[in-house]
Each structure stands twice: as C-alpha cells, then as structure tokens.
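Taken together, the values in this text are just the output of simple stated rules run on the coordinates, not laboratory data. Since we're looking at a predicted model, the values are computed, not measured. Don't worry about glycine lacking a Cβ; one is built from the backbone with ideal geometry, like all the others, and counts go over all protein chains shown.
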Amino acid sequence: MKVLGIAMAVLGWLIPVATLVITQSTTARMVICLLGLALSLVGILVVLNKGHLKEAIWKA
Amino acid sequence: MSRILKLCSLTIVLLLCGLSAWAQTQSSTSGSAPATAQSSAPVPAMDAPLNVKMAQPPSTDDLAKGDPGGTKTGTVNDIIVSDPNKGLTLSDTVNQVGQNRIAINFTWTLITGFLVMFMQAGFAIVETGLCRAKNANHTMMMNFMVYGFGLFAFWVCGFALQMGGCAPAGTLGGANPLNSEHTISLLGKTWGLYGTRGFFLSGTTYDVGVMVIFLFQMVFMDTALTIVTGAAAERWKYAAFAVSSVFMGAITYPLFANWAWGGGWLSQLGVNFGLGHGYADFAGSGVVHAVGGLTALALALIIGPRIGKFNRNGTPNAMPGHDIVIVLTGCFILAFGWFGFNPGSTLAASGNGALRIGSVAVNTMLAGCTGSFGALLYMWMRYGKPDASMTGNGLLAGLVAITAPSGFVNPVSSAIIGLIAGFLVCISVEYVERVLKVDDPVGAISVHGTNGLWGVISVGLFADGASNYGGSWNGVNGSVRGLFYGDPGQLVAQLIGVGTLVGFVFGLSYAANFVIHKVVGQRVSAEDELEGLDIPEMGALCYPDFVLKPTSTPAGVTAREAADVAIPMHVARETA
C-alpha cells in the first residue's frame, strides 16, 4: 500500500509534465495539472497514510 | 455619384500625402537631433585626465576642520585613481560607478543573508517552546546543529547542484564561474537538471560574487532543513536526524532549487512551453517552505506519532508546549528575519528594478499581519479563545505564503494572501491531526507545507505585472502576471511547480527517510521517549534545577500505563 501511494504521488507529477509537449492548450494543461495534483494528493494523504495507520502505535 | 466618389478619393489621397509628409518631417527632426549633438559634442577619451577642480572638492585644510554636517565627506577625492601620474580619468570614474553598484548589491545581499541566518534562532525557540520541557535540550540541539550539518552538505555538493549553472547573475557582477548546467534533451526540449560547478567552492568558483550567492543560498537551504525538526520533535533519534539533514542539504533541496532558481527546467517553462514566465517563486514559498513542509510530512508519516498523542479510538490529545513566551518571541524573531528573506531575494538594491525592495518589505509585513488576524479570528470564533500558539503560527503562515509572490504583487493582494493563509493554517492543522492522524508537534506541515504551496499558487493568481526586475524574468520579456491580471499560463506553470513539489520532492524525501529508517532507525525507544530525550539522547537536562511533572498522557491513563502499552509494541516492532 505504501509503494502504491508513492507511485501515485510520482505519477501525478509525471503526467502533467509529459503532457506539456502533447498539447498547447492552456486550458487542457491546467485541467491535466489539477488532475495530476489530485492523484498525487490522494496517493499521499489517503493511500500512503492508510498504509502507515495500519501499524499505528496507538491502535494496539 | 461618381463625382462624389472621385472627390472622396482625392480627399483621401491628399490626406495621406499630408500625413506622410508630416511623419517624414517628424522623423527627420527627431532623428537629426542626436546626430547634431553627437557631431558637435566632443567625446572625451576614457584615459584623458578630468578637470577635477570643476567638482570643487574640499581642500585638505577644509577637511582637517571636521565635517559635522556631512557635506564634505565623500567627494571626487575619494574616487580611486588607477594612475597617479595621469590623475583622475573618465575611465576611473565609470569603473567606480560600476563597482559602487555591485558593492551596494553585495552589501544588501550579505546583510539580508545575515538576517535570514538569525531566523535559525527564531525557529529554535519556537520549536522548543512548543515541545515539552523534558525534550528542550534535544529540540534545541537539533535546531542548533542543523545549521552545521546543512552548511557542510551544501558546501560539499549542494551549492554546486543548485547554482552551478546559474550564471550570469547580473546584479552580483555576473558570477560567471557558475556556468555549467547538466541538461538532457527530451521530447524535443532541453531540460536543465542540476549544476556542475562549485563543489567545495574550489577552482574558478573561488570568486567574490560566488561567495555572496553561496552565503545567501546557504541560509535559505538551512531554513528548509530546520522546518523538518519541528514535525519530528520529541521522538527523532539524533543520529538519524544528522543523516537525514545532510541528505536534504546535499540532494533534495538543491535539486528543486536548481529547477526553480538555478536555471533548471521549471524556470524554463516559459521559454520552452510558453507558460507565462516559467515557474516563479520570488523568495521560496515553494523552494524553501514547501520543500521543508513536505519533507516534514514524509518524516512524520514514517516516524509515527508521539506516545500518548492519540487514544485507542484515534482521537487526539493536546500536548501543550512548555513556554509560550519563547514561542511568541521566536515568531517575532522570524518576522524580523523575513525582512531579509523576501526583500533580500532581489539580490540587489541598485538597478534592475531593485528599488522594489520597499514594496517587497511592505508586502511581507502586511501578509504576516493579516495571517495572524486570520488565525486569531478562526480560533476565537471556533473555540472561544484567541489561541496564542496558533496566532503565532498564523503570523508565520502569512509570511510563508507571501514569500513566493512578495516581489510580484501589490499590497492589497498581499493582505488577501496573508489572511487566507491565516485561516488555512488552522484548517490544515485540524485536518493533519484529526483526519490524517499525523502528529506534528509544532504545526510545521501546515505552516510551511500547506502555505508554501498556497504561496506558489498565489503567484499564478495575483501577480500584477508591475515589476520585471531588469526587463525579463526567467528569460521571458515583460512582467509576471497571474490569472487575475490576464495570464492563465502563469498559473499552469505554478501548478506544475506544485505538482513537482508534491510528487517529486515528497517522493524523494519519503524514499530517503525510509531507507534511513531501515538502516539507522528514525525513532528513539519508547522508554527514552517517555523519560524525555534530554538525558538519553543528549546526556544533560535543559532545565536541571526544575522539577518536571509528567503531562500529556491519554485521558485517564498514567504515564506508567502508557509506557506499559508502548514499550512492548516498540520492542516487537524493532525485533520484527
């Protein structure tokens, strides 16, 4: 789960960067940037965090 | 009908002829004036002696009488003469003018750098005050030595990776030895990745301009490093802290800083892809604060919460700091140091639009002020009391948020950016603690991470196009404009910067600290944590004459009971 979270975070960064050369449209770039950012944040705040909460010290 | 048409045509032709003749007269008049001046005015030879008497310098006798009014000191007599036999020449004079400009910029940049260095003291006492007394020595020592660890790592390789290809830095005399950026060609574009000059400040980088840049960039880097110590306070193993800090000062911070400030690919988004002026981060909301805040989040996830921070059902317990006096004093020190952080980032006080330093300073002031207003209002309305530590965090949040846009926005926008930051820091602290269940003793993730990202985005919204610092920014002519001033492309560049911070910087920080966790172990033992880290980790109490009482265990649970639960868990994990 931790690896998946980090992978989502990195992917959310790479997608907008890669699409810079695919489209010239500012609107399209902005939408893709926001989607990528959302993917990264979900990866970190939901998936990765869930992986850490599984073994939280206070859960015992 | 045809007569009318002919008449109209004739009128138009006559009108055009008249306009043409008038335009020619104007152009010949304006063009001939300088030519006449050039031909009539003799051009003095650069090495010809100047008639110094025309400047009416004070005599030696005059100067011997003293100068209480300050009207005789600093005259033509003080210009350095290269050849005493010739006397003062035009060449001497213009060289002096050039050196004066660079000297002003050197002095400005160095003094503001010294102010930023002093922010370390502010961070140290803010973090220590927000921690419990039993960990005060440990927290202070982390903040103290992060300066040394960071400086060493930056000198060895961090500076070269960050600024090795940043030349020319016009305001500081060029810094021409820093002229090598490692680039790759990908998808038809050139992407700058890292610099390759300036390791150990040796070779050609033994240069006066390079030294000024090094000092200024070093204290910025150290600010980013010290942010992390707050989020991991009260449970971070000192050895792991040392290794983690060296890595961040040598690799993580310099890489992103190169991409933003050292001529790397983010700064070239405007040139290569037509996105505004590329990623614009005037003084480092992203480069310094978001890098520090996101690394703090990565570490806080890995290291886990303090014992007693969360109950078994996940509800958080308050673990108040031990000295609100030093917390707020530290906030003031930081606000003072921020006058170096933001206005100093012009790297100049003379030329290239650097007189905007006054505007940058006022923007900084305003955002800090409205940030503290925002946090105070939020806490007062939500909890019925104007919480001191959160008000202090609101001040810092406003300052963090205005750091990137401070050079590009007007005072009204600064106030709005700061106010939003003040609210945002409170909401973020609650979210991090209650939803994510991440323990951040000082609120570093929210103050620096969340508001660092907000600061980066706010450039793309509020930059008003009133400043361009010498004609262009990141190689794109004209001034930086945000979405509200007509350039949506700038917002896209900023969002790509935010994506890079969240995806790349967080990912790298997480991976590096995870490896350190596996090799060195990031967390102290449960016994040490409950006892307080001053004796186990540092060998001395911060307050040996005081009697410390145990606090901050879950409601209805004694410290001993908490230890009974925590120690077997910790041992089990270490042995697993």
Of B:PRO177, B:LEU508, B:LEU110, whose Cα points farthest to the positive end of the dipole of the stretch B:104-526 (charges on the beta-carbon: +1 Lys, Arg; -1 Asp, Glu; origin at the Cα centre)?
-> B:LEU508
Helix-only [θ]222 nm of chain B, DSSP H runs n ≥ 4, -39500 (n - 2.57) each, per residue, nearest 500 | -18000 deg cm²/dmol
The stretch B:104-526: relative contact order from alpha carbon pairs under 8 Å, six or more residues apart, as a whole percent, is 22 percent
Sorted by chain and number, the residues with a modelled amide H under 5 Å from that of B:VAL442, at a separation of 5 or more or across chains, are none
Once the Cα atoms of helix B:136-153 and of chain B are each reduced to a long axis, what angle between those two axes, in degrees from 0 to 90 to the nearest 10, is obtained?
-> 40 degrees
For helix B:411-430, what angle does its Cα long axis make with the longest principal axis of chain B, in degrees from 0 to 90 and rounded to 10?
-> 20 degrees
Neighbourhood charge, 10 Å Cβ-Cβ cut-off, centred on B:HIS277 and excluding it, Lys, Arg +1 and Asp, Glu -1 = 0
Any idea what angle helix B:90-130 forms with the longest principal axis of chain B, computed on alpha-carbon atoms, 0 to 90 degrees, nearest 10?
-> 20 degrees
Rounded to the nearest 0.05, what FRET efficiency do A:VAL21 and B:SER472 have when you use their Cβ-Cβ distance and R0 = 30 Å?
-> 0.80
Using 7 Å Cα-to-Cβ label points, what is the B:PHE332/B:MET211 separation (nm, one decimal)?
-> 3.5 nm
Options A:CYS33, B:ALA64, B:LEU399, ranked by Cα towards positive dipole end of the protein assembly as shown, top entry (Cβ charges) | A:CYS33
Taking +1 at the Cβ of each Lys and Arg and -1 at the Cβ of each Asp and Glu, which of B:GLY87, B:VAL271, B:ALA55 sits farthest along the dipole of chain B towards its positive end, judged by Cα position relative to the Cα centre?
-> B:VAL271
For chain A, what's the relative contact order in percent, using C-alpha pairs closer than 8 Å and at least 6 residues apart?
-> 53 percent
Here the gain from full extension of B:ALA41 to B:THR93, 0.36 nm per residue of separation minus their alpha-carbon distance, amounts to 16.8 nm
If the chain between B:ASP78 and B:THR190 were fully stretched, how many nm would it gain, using 0.36 nm times the residue separation less the Cα-Cα distance?
-> 35.5 nm
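Could you list B:SER414, B:SER245, B:SER180 in order of exposure, starting from the residue whose Cβ has the fewest other Cβ atoms within 10 Å?
B:SER180, B:SER245, B:SER414
Using a simple charge model, +1 on the beta-carbon of Lys and Arg, -1 on the beta-carbon of Asp and Glu, nothing else, what dipole does the protein assembly as shown show about its Cα centre, in debye to the nearest 20? Can you show the working numbers first?
Numbers: 32 positive and 32 negative charges, 337 e Å.
So the magnitude is around 1620 debye.
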Over 18 Å (Cα to Cα) - which of B:LYS309/B:LYS437; B:LYS385/B:LYS437; A:LYS54/B:LYS437; B:LYS237/B:LYS549; A:LYS59/B:LYS518; B:LYS53/B:LYS86 fall in this group | B:LYS385/B:LYS437; B:LYS237/B:LYS549; A:LYS59/B:LYS518
First measure r as the distance between the Cβ atoms of B:VAL412 and B:ALA103, then evaluate 1/(1 + (r/R0)^6) with R0 = 35 Å and state the FRET efficiency to the nearest 0.05.
-> 0.50
FRET E, pair B:PHE484, B:TYR431, Förster distance 25 Å, beta-carbon r, rounded to 0.05 | 0.40
